[in-house]
Amino acid sequence: MISATLALLLQGTPAGTAPPPPSSTCDKPVYMVVEGLTLDRDRMIAYARAIAASEIYEKLGGYYVTMPRPVAVFEGDVPPNYVNLTVRFPCLENAKAFWNSDVYQNEILPLRQNPSAGDYTVTVYAEAPLRSDMVGKVGDNRFTHDFDNSGVPQASGADQ
């Protein structure tokens with residue numbers, strides 16, 4: 001069941017309201033993935049600043065888990081204006097609450113539309129269950145265990 005506060009966010013609660021209280025039904029993290037080509041970098045910077053200023057991610061427990069540009073490309077060609085950005089939310093309800101909020105739909109999203117500042121897809125994925133051998137070795141935003149890669153054979157010709 002959706003909490004009253006979350007229901008208000010789904011209807012469009014203005015920025016500056018309190019976040020929904022922790023809920024036992026909001027315990028299955030999801031990842032919102034935004035990827036595609038940026039067509040107008042300056043407008044996308046304004047869009048990103050508006051999201052930050054609204055504090056909508058913070059209100060719903062969302063946070064970035066990736067930077068938008070790759071640190072390495074192992075296969076394929078990545079255009080210089082291609083981005084892939086991932087935001088983690090505590091549950092699908094909160095991701096929907098962000099997307100459907102009044103502040104996002106009416107104040108922030110228009111900053112990148114008409115004409116479009118980017119050709120993006122926005123998808124949401126469930127978090128995969130942690131393998132039993134990884135329990136206690138990973139935490140939020142970091143590994144809590146040292147994974148030594150010296151025992152992993154490398155293909156000949158791989159970057160050193």
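List of remarks:
Residue by residue, here is whether (1) outside any loop (DSSP other than H, G, I, E, B); (2) among the hydrophobic types (A, V, I, L, M, F, W, C); (3) at pLDDT 90 or above; (4) out of contact with any helix residue (DSSP H, G or I) (no Cβ under 8 Å at 6 or more places or on another chain) holds:
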{"position": "Glu107", "(1), (2), (3), (4)": "yes, no, yes, no"}
{"position": "Leu111", "(1), (2), (3), (4)": "yes, yes, yes, no"}
{"position": "Ser116", "(1), (2), (3), (4)": "no, no, yes, yes"}
{"position": "Thr121", "(1), (2), (3), (4)": "yes, no, yes, yes"}
{"position": "Val124", "(1), (2), (3), (4)": "yes, yes, yes, no"}
{"position": "Gly136", "(1), (2), (3), (4)": "no, no, no, yes"}
{"position": "Asp146", "(1), (2), (3), (4)": "no, no, no, yes"}
{"position": "Val152", "(1), (2), (3), (4)": "no, yes, no, yes"}
{"position": "Ala158", "(1), (2), (3), (4)": "no, yes, no, yes"}
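- Flag for Ala52 being out of contact with any strand residue (DSSP E or B) (no Cβ under 9 Å at 6 or more places or on another chain), in a helix (DSSP H, G or I) and among the small types (Gly, Ala, Ser): yes
- Note on the range 75-104: among residues that are under 13 Å from Cys26 (Cβ atoms) and out of contact with any helix residue (DSSP H, G or I) (no Cβ under 8 Å at 6 or more places or on another chain), the one that is surrounded by the most Cβ atoms within 10 Å (Cβ to Cβ) is Ala95.
- Residue in the range 60-73 that is assigned to a strand (DSSP E or B) and either modelled with pLDDT of 90 or more or farther than 22 Å from Asp119 by Cα (or both) present: yes
- Close contacts from the range 35-55, counting a first residue that is in contact (Cβ under 8 Å) with a residue 40 or more places away in the chain and a second that is assigned to a loop (DSSP other than H, G, I, E, B) and of a type in the set (A, V, I, L, M, F, W, C), with Cβ to Cβ under 8 Å and a gap of 6+ residues or different chains, come to Thr38/Ala117; Leu39/Ala117; Asp40/Ala117; Arg43/Ala117; Met44/Ala117; Tyr47/Ala117; Ser54/Ala15; Glu55/Ala15.
- Verdict on Gly36 being modelled with pLDDT of 50 or more, closer than 20 Å to Glu107 by Cβ and of a type in the set (Gly, Ala, Ser): no
- Of everything listed in (1) hydrophobic (A, V, I, L, M, F, W, C); (2) surrounded by fewer than 19 Cβ atoms within 10 Å (Cβ to Cβ); (3) closer than 17 Å to Val34 by Cβ, the single unmet condition for Ala72 is (3).
The values are calculated or read from the model by the stated rules, or taken from the named source; none is laboratory data. These numbers were taken from a predicted model, which means no experiment stands behind them. When we count neighbours, we look across all protein chains shown, and the Cβ atoms used for this are built from the backbone with ideal geometry, even at glycine.
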